[in-house]
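Report on the structure given below.
We did not get these values from a lab; they are worked out from the coordinates using the rules stated. Since we're looking at a predicted model, the values are computed, not measured. So basically every Cβ, Gly included, is an ideal-geometry build from the backbone, and we count neighbours across all protein chains shown.
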Amino acid sequence: MYDVLDSRSVLEVLRPVEDPELRKSLVELNMIRNVTIDGGKVSFTLVLTTPACPLREFIVEDCQKAVKKLPGVIDVSIEVTAETPQQKSLPDRTGISGVKNIIAVSSGKGGVGKSTVAVNVAVALGQTGAKVGLLDADIYGPNDPTMLGLADAQIVVRSTETGDILEPAFNHGVKLVSMGFLIDRDQPVIWRGPMLNGVIRQFLYQVEWGELDYLIVDMPPGTGDAQLTLTQAVPMAGAVIVTTPQNVALLDSRKGLRMFQQMNVPVLGIVENMSYFIPPDQPDKQYDIFGSGGGSKTSAELGVPLLGCVPLEISTRVGGDSGVPIVVGDPDSASAKALTAIALNIAGKVSVAALT
């Protein structure tokens, strides 16, 4: 079919290969670049839509199989890179310069492990090579510095002609801004809505975030001022709702989910945290302390994806308290594997939304 081995024939044979999530040709998406031929050796660059692509190996394998069908090919070399697409802009909301995608991690009620999910998702995305920031929008209970090992960090504030600029702290591959850096450890934040609105906007627009593929926003629980400020201020790639299988948590999570939908923010899916308990001395057993199946049932009823289920393990709590997230401290644990899979799932859905 192809008499000559050249860049054109390589592109033609790759044209039927599709991105599994976008369902479009890699060639048409301009994901195949820099095709070179050296005798029977073919090389090219595969540009994925996210460094956290969960199907990377399958795409590479499909490309290799397709090119090897060409006569005369003896070797296929693929360099894999990524260009994360920019989320779609909105005319009434101001984006953050250099930040491609803003993702809220939220919950209807407190105590469901929302910050644990947000921190570990951010770190897991950073481990893939993505540039990641974490905005701790839980002004009244800022725990992210502790969970990222930055409890004693000193944030730098620079004065400029346009106002003060905050330089985020950095650890585990993630840039972090939090109210916890600006107050004493035991100091309560006793503010009304307008002050909270002001500091969240400062964290959005007066922080030197630099170039970010993803800015994860760890929201406070509920559907109050912080949620309204964020959804009305910036265009968002989507929201992730964290719940436990317990009925009272699920009831509140539904309200939080509907709030984002009413504010025209895409809901990327539900994360069921504390799905079951794994005893450290009996890792082959599991106990449904908070019930079971609530996340999958709710996702089906509301028509949103279930992004994943995270078990309850002692090492997850230890990692949060010690400042070493479980995806770093115990990457082979069931919780770490679940959180990493959730992070990749989120990145994939953000890319699909940006390109469709």
Which order do peptides 231-244, 116-129 fall in by mean Cβ count within 10 Å, highest first? 116-129, 231-244
Hz values of 3J(HN,Hα) by residue in the stretch 95-103 - Karplus curve (6.51, -1.76, 1.60), Gly and Pro given as x: x, 9, 4, x, 9, 7, 9, 10, 10
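Quick check on packing: order 294-303, 170-179, 259-268 by the mean number of other C-beta atoms within 10 Å, highest mean leading.
In decreasing order of mean packing, 294-303, 170-179, 259-268 become 170-179, 259-268, 294-303.
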Residue (of Thr162, Thr298, Ile342) at the positive-pole extreme of the chain, dipole from beta-carbon charges: Thr298
Once amide hydrogens are built 1.01 Å from N within the peptide plane, the residues lying 5 or more places from Val80 or on another chain with amide H under 5 Å from its amide H are Leu46
Full extension from Val60 to Arg201: what is 0.36 nm times the residue separation minus their Cα-Cα distance, to one decimal in nm? 46.6 nm
Going by amide H atoms built from the backbone, whose H comes under 5 Å of the H on Val217, apart from near neighbours? Ile103, Ala104, Val105, Leu135
Mind checking the angle between helix 334-355 and the chain's longest principal axis? C-alpha axes, 0 to 90 degrees, to the nearest 10. 70
Mean residue ellipticity (222 nm) of the chain, computed from DSSP H runs ≥ 4 via -39,500 (n - 2.57), nearest 500: -10500 deg cm²/dmol
Measure out, as a whole number of angstrom, how far apart the alpha-carbon centroids of the stretch 2-27 and the stretch 35-65 sit. 11
Can you tell me the 0 to 90 degree angle between the C-alpha axis of helix 193-205 and the longest principal axis of the chain, rounded to 10? 30
Under 5 Å between amide H atoms, partner at least 5 residues away or on a different chain: which partners does Leu182 have, H built in plane at 1.01 Å? none
Please give the helix 114-127 orientation as an angle from the longest Cα principal axis of the chain, in degrees from 0 to 90, rounded to the nearest 10. 30
Relative contact order for the stretch 7-82: what is it in percent, counting Cα pairs under 8 Å that are at least 6 residues apart? 32
Run the reach check for Lys100 against lysines, Cα to Cα strictly under 30 Å, same-chain hits fewer than 8 apart removed. What comes back? Lys24, Lys88, Lys109, Lys114, Lys131, Lys175, Lys255, Lys337, Lys349
So, with +1 on the Cβ of K and R and -1 on the Cβ of D and E, and no other charges, what is the size of the charge dipole of the chain about its Cα centre, to the nearest 20 debye? 860
Which residue, chosen from Gly39, Tyr214, Leu268, occupies the Cα position most advanced towards the positive end of the dipole of the chain, where the dipole is computed from +1 (Lys, Arg) and -1 (Asp, Glu) charges on Cβ about the Cα centre? Leu268
Check: C-alpha center the stretch 217-264 vs C-alpha center the stretch 69-108, spacing in Å is 24
Testing the spin-label approximation: label points 7 Å from Cα along Cα→Cβ at Leu228 and Asp186. State their distance in nm. 3.4
Could you give each residue of the stretch 215-220 its phi-based ³J(HN,Hα) in whole Hz, using Karplus coefficients 6.51, -1.76, 1.60 with θ = phi - 60°, and x for Gly or Pro? 10, 8, 10, 7, 7, x
Rank Ser115, Gln246, Ala130 by how far each Cα sits towards the positive end of the charge dipole of the chain (+1 on Lys, Arg Cβ; -1 on Asp, Glu Cβ) and give me just the farthest. Gln246
Under a point spin-label approximation (7 Å from Cα along Cα-to-Cβ), what is the Glu167-Thr94 distance to one decimal in nm? 2.4
I need the semi-axes of the equivalent ellipsoid of the stretch 99-202: take the C-alpha gyration tensor, multiply each eigenvalue by 5, square-root it, list largest first in whole angstrom. 21, 18, 14
